[in-house]
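Encoded as structure tokens, here's the structure I'll be asking about.
The values are calculated or read from the model by the stated rules, or taken from the named source; none is laboratory data. Just so it is clear, the structure is predicted and the values come from calculations on it, not from any experiment. Side chains included, ligands, DNA and RNA excluded: accessible areas come from the protein's heavy atoms. Shrake-Rupley method; radii C 1.70, N 1.55, O 1.52, S 1.80 Å.
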Amino acid sequence: MRTVTIRSEIPPEARKACDRPVVLPDRNLTSQETAGNWNKDRTALVACETRRAAAVAAVDATPTGD
């Protein structure tokens, strides 16, 4: 019997680090600043989840050699 190791190719986008949350100033924010920062964080979260899901899909699509 011969053992073959198959390496999964993870999409390069999936290797990018997720954006850090917005650094908030040490003062009260306006409602416009609050909404803008919230939107930036949510957009970054969605992008990061897309990359993570692509990595999982790439690994899951790799044949196991069974």
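Leaving ligands, DNA and RNA out of it, report the carbon-plus-sulfur percent of the accessible area of the chain at a 1.4 Å probe.
Roughly 56 percent of what the probe reaches on the chain is carbon or sulfur.
Keeping all protein chains in place, calculate the accessible area per residue for the chain (probe 1.4 angstrom), answer in Å².
On a per-residue basis, 90 Å².
Pop out the Kirkwood hydrodynamic radius of the range 8-66 from its pairwise C-alpha distances, inverse of mean 1/r, in Å to one decimal.
13.7 Å
Taking only Cα atoms, what is the 0 to 90° angle, nearest 10, from helix 31-60's long axis to the longest principal axis of the chain?
It is inclined by approximately 0 degrees.
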